[in-house]
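Where a number appears in this text, it was derived from the coordinates with a stated rule and is not lab data. Since the structure is predicted, the reported quantities are computational estimates derived from the model, not experimental observations. For neighbour counting, all protein chains shown are included, and Cβ atoms are generated from backbone atoms with ideal geometry for every residue, glycine included.
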Amino acid sequence: MAAQTLTAAEEESLSRLLYLYFWPFWMFRDVNQGNLLEQAAAYRYNREKRIYLPAYIAKWSLIFLSLIGLIFSLESLGASGIMLEQASSLLAGFTGVCASGAFVIMVQISVCYLFLCHWRY
């Protein structure tokens, strides 16, 4: 039986699926392009797509809370002596930076959702 190899399209598909799963802004159109009617049409299109944003907010909230839990776990491992205190502090700091990024993305999605819900073109 021949060994199966993945083609470039199949290798790319997982990263593309992860991008589509975690990043909501791929589905929106740019409202700064075109004339005034095209901008209004793009804004209406974006308002129709806003219903998907709460699911992305929930995903990023789960990521954020998981990272916060990991920070507490790493700190408790360092405090109990199971792990070197300096190593646990370094890993907890890196995890904190990642958690900060997840929080910023969560706030950005929330602001976009509120903007699309309450502002009329």
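Can you work out the Karplus-derived ³J(HN,Hα) for every residue in the stretch 72-81? Use 6.51 cos²θ - 1.76 cosθ + 1.60 with θ = phi - 60°, whole Hz, and x for glycine or proline.
These are the phi-based 3J(HN,Hα) values: 5, 5, 5, 5, 6, 5, x, 6, 7, x Hz.
What does the stretch 42-93 give for Rg and for Dmax, in Å, if only its C-alpha atoms count?
Gyration radius and largest Cα-Cα distance of the stretch 42-93: 18.5, 57 Å.
If all Cα-Cα distances of the stretch 11-64 are sorted into 10 Å bins from 0 onward, what percent lands in each bin, rounded to whole numbers?
22, 38, 29, 11, 0
Would you compute, from DSSP H runs of 4+ residues alone, the mean residue ellipticity of the chain at 222 nm, taking -39500 (n - 2.57) per run and dividing by the full residue count, rounded to the nearest 500? Mind showing how you got there, number by number?
Working: 4 runs with 91 residues, N = 121.
Calculated from helices alone, the mean residue ellipticity at 222 nm is -26500 deg cm²/dmol.
Return a whole-number percent for the relative contact order of the chain, with Cα pairs under 8 Å and 6 or more residues apart as the contact set. Mind showing how you got there, number by number?
Values: 88 pairs, mean separation 30.6, N = 121.
Here the relative contact order equals 25 percent.
Work out from phi, with θ = phi - 60° and the Karplus expression 6.51 cos²θ - 1.76 cosθ + 1.60, the ³J(HN,Hα) of each residue of the stretch 20-33, listed in order in whole Hz, and give x for Gly and Pro.
The phi angles translate into 5, 6, 9, 10, x, 7, 6, 8, 9, 9, 7, 8, 9, 9 Hz.
Using Cα atoms only, what is the angle between the long axis of helix 36-49 and the major principal axis of the chain, expressed in degrees (0 to 90) to the nearest 10?
Computed tilt is about 50 degrees.
Spelling out what I want: for every residue of the stretch 101-110, take phi, set θ = phi - 60°, compute 6.51 cos²θ - 1.76 cosθ + 1.60 (Karplus), and round to whole Hz; glycine and proline get x.
x, 5, 5, 5, 5, 4, 5, 4, 5, 5
In Å, the Kirkwood hydrodynamic radius of the stretch 52-121 over pairs of distinct alpha carbons?
Details: mean 1/r = 0.0743 Å⁻¹.
Value: 13.5 Å, from the Cα pair sum.
Looking at the chain, I'd like the Rg to Rh ratio, where Rg is from alpha-carbon atoms and Rh is Kirkwood's inverse mean 1/r.
On the way: Rg = 20.6 Å, Rh = 17.7 Å.
Rounded to two decimals, Rg/Rh equals 1.17.
Quick one: which residues, 5 or more positions from Arg29 or on another chain, have an amide H under 5 Å from its amide H? H modelled 1.01 Å from N in the peptide plane, none for Pro or chain starts.
Residues meeting the criterion, in which the H sits 1.01 Å from N, are Asn46.
I need the calculated FRET efficiency for the pair Ile68 and Arg16, taking r as the beta carbon distance and R₀ as 35 Å, to the nearest 0.05. If you can, show how the numbers build up before the last one.
Working: r = 29 Å, r/R0 = 0.82.
My answer for the efficiency is 0.75.
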